[in-house]
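Below: one structure, written as structure tokens.
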Amino acid sequence: MLQGALAEAGYPQHVLVACSGGPDSLALASVAAYFARRGHLEGHPITVGAVVVDHQLQEVSAQVAAETAQVLQELGLAPVEVRTVTVAGAGLGPEAAAREARHAALEAAAVDQGADAILLGHTLDDQAEQVLLGLARGSGTRSLAGMRPARGLLLRPFLGLRRADTEEICAVEELRPWHDPSNSDPAFARSRTRVEVLPHLEEKLGPGVAESLARTASILQLDADYLEDVAEATFTSLVERDGRELSLPEDALRALAPAIRFRVIAKAAADVGGQQPSYQRLLAAEALLRRHGSAGPVELPGGVGVFRLSLAQLEDVPAADRPAAPDHSTPGPRGGARCGKLVFRPQKPPAK
């Protein structure tokens, strides 16, 4: 699996293993160490380093990080470093804040080591848990698609392995992984899903639930990618810019399939500095197109206001102050200037 993932990534010359000391990442490190000792992958030169992120969330975290780094050095990985982070994500839950701090540390280590890829030890069980959590939150296609095998520098070669497989690898290699007590702490939603929900589903529905959930994620990844490509092309063809704000012609928006229309509205909000809107906020913004009730503004996350300008309002605006006409030299719907517009305006000054 690792060999295939690295081949698909273009045979990176230096890869970085993110290792917590747990069975999943330690098993991944031991497999990667095999290629590090050989010095090549299918004739392509390769070196393997590692980074251990100490989140400082437990009293023993520094000791665990140091011991894990020692094991990684003994496996033959180089360089091996420990990065200490402070978990304090504003407005984020503890798990999300830890993930944000960890990813920032991994990306910084990759830059310092000149790594072309970062290997993460997520397994099929992690993927199944991710899909279940998305279902519980009422998430859309993007969230239910779970974790990607590859995204940017991040590679997850073990998404097809069960957690029991990584434990067996550690046993065969005579490695003693650390079992993080927070992974079974019922205070965390993911931990409850791991130790209570998935086992219960396996008991009541029969074996294979985790594999089915992971397969669902793989199918939805294809759907999400296609919808994303269509939405991006549609947004590019429709958008009209005027300084820091932008607008979309309402007739063209109304003509879109809902799955694309909602994505285009979300892209417009992100383009002017907003965050991914919830489904409820997207519904509120999309309702402006029905011309019932208020013309806005609708507030979206990240300080973005959305409002509708009717054709009559636009014709009352002096020509010099109207939004720039769309460039029809590129393919896209015509006639946008003869209808109202959905306008997206940032409500906060640009960052200096």
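In this structure, does Pro258 turn out to be more than 12 Å from Ala231 (Cβ to Cβ) and either touching a strand residue (DSSP E or B) at 6+ places or on another chain (Cβ under 6 Å) or not β-branched (Val, Ile, Thr) (or both)? No: the conditions fail for Pro258.
Flag set for Glu211, criterion: under 26 Å from the mean Cα position of the chain (by Cα), among the acidic types (Asp, Glu) and in a helix (DSSP H, G or I). A count restricted to the range 240-259 and to residues that are open to solvent by less than 60 Å² (accessible area, probe 1.4 Å) and either among the aromatic types (Phe, Trp, Tyr) or farther than 21 Å from Arg142 by Cβ (or both) stands at 7.
Pairing each residue of the range 1-18 that is of a type in the set (S, T, N, Q) with any residue that is assigned to a strand (DSSP E or B), provided the two are 6+ apart or on different chains, yields C-beta distances under 9 Å for Gln3/Leu41; Gln13/His44; Gln13/Pro45; Gln13/Thr47.
Kindly list the number of the only condition in (1) more than 23 Å from Ser278 (Cα to Cα); (2) assigned to a helix (DSSP H, G or I); (3) open to solvent by less than 70 Å² (accessible area, probe 1.4 Å) that fails for Gln221. Every condition holds for Gln221 apart from (1).
Note on the range 67-77: residues that are open to solvent by 60 Å² or more (accessible area, probe 1.4 Å) and not polar (S, T, N, Q) total 2. Between Leu135, Leu155, Leu205, Leu159, the distinction of being under 18 Å from Ala96 (Cα atoms) and not polar (S, T, N, Q) belongs to Leu135 only. Within the range 263-281, at least one residue is modelled with pLDDT of 95 or more, open to solvent by 30 Å² or more (accessible area, probe 1.4 Å), under 24 Å from Gly138 (Cα atoms) and of a type outside the set (Gly, Ala, Ser). Note on the range 138-164: residues that are over 23 Å from Val15 (Cα atoms), crowded, with 21+ Cβ neighbours inside 10 Å and either free of Cβ contacts under 8 Å to residues at least 24 places away in the same chain or not small (Gly, Ala, Ser) (or both) total 1.
Selection of the range 171-196 for residues being open to solvent by 60 Å² or more (accessible area, probe 1.4 Å), within 13 Å of Glu129 (Cβ to Cβ) and β-branched (Val, Ile, Thr) yields only Val195.
Only one of the numbered conditions (1) open to solvent by 70 Å² or more (accessible area, probe 1.4 Å); (2) without any contact (Cβ under 8 Å) to a residue 60 or more places away in the chain; (3) of a type in the set (Asp, Glu) is violated by Glu167, and that is (2). Tallying residues that are of a type in the set (Gly, Ala, Ser), open to solvent by less than 10 Å² (accessible area, probe 1.4 Å) and at pLDDT below 95 within the range 38-64 yields 0.
The residues of the range 224-239 that are of a type in the set (Val, Ile, Thr) and loosely packed, with under 14 Cβ neighbours inside 10 Å amount to a single one, Thr236.
Here Leu135 meets each of (1) of a type in the set (A, V, I, L, M); (2) open to solvent by 30 Å² or more (accessible area, probe 1.4 Å); (3) at pLDDT 95 or above with one exception, condition (3). Condition check: farther than 27 Å from Leu201 by Cβ and open to solvent by 10 Å² or more (accessible area, probe 1.4 Å). Does Gly114 satisfy that? So Gly114 fits the description; yes.
The values are calculated or read from the model by the stated rules, or taken from the named source; none is laboratory data. All values reported here derive from a predicted model rather than from experimental measurement. Cβ atoms come from the backbone with ideal geometry, glycine included; neighbour counts cover every protein chain shown. These area figures cover heavy atoms from the full protein model, side chains too; ligands, DNA and RNA do not enter into them. Shrake-Rupley method; radii C 1.70, N 1.55, O 1.52, S 1.80 Å.
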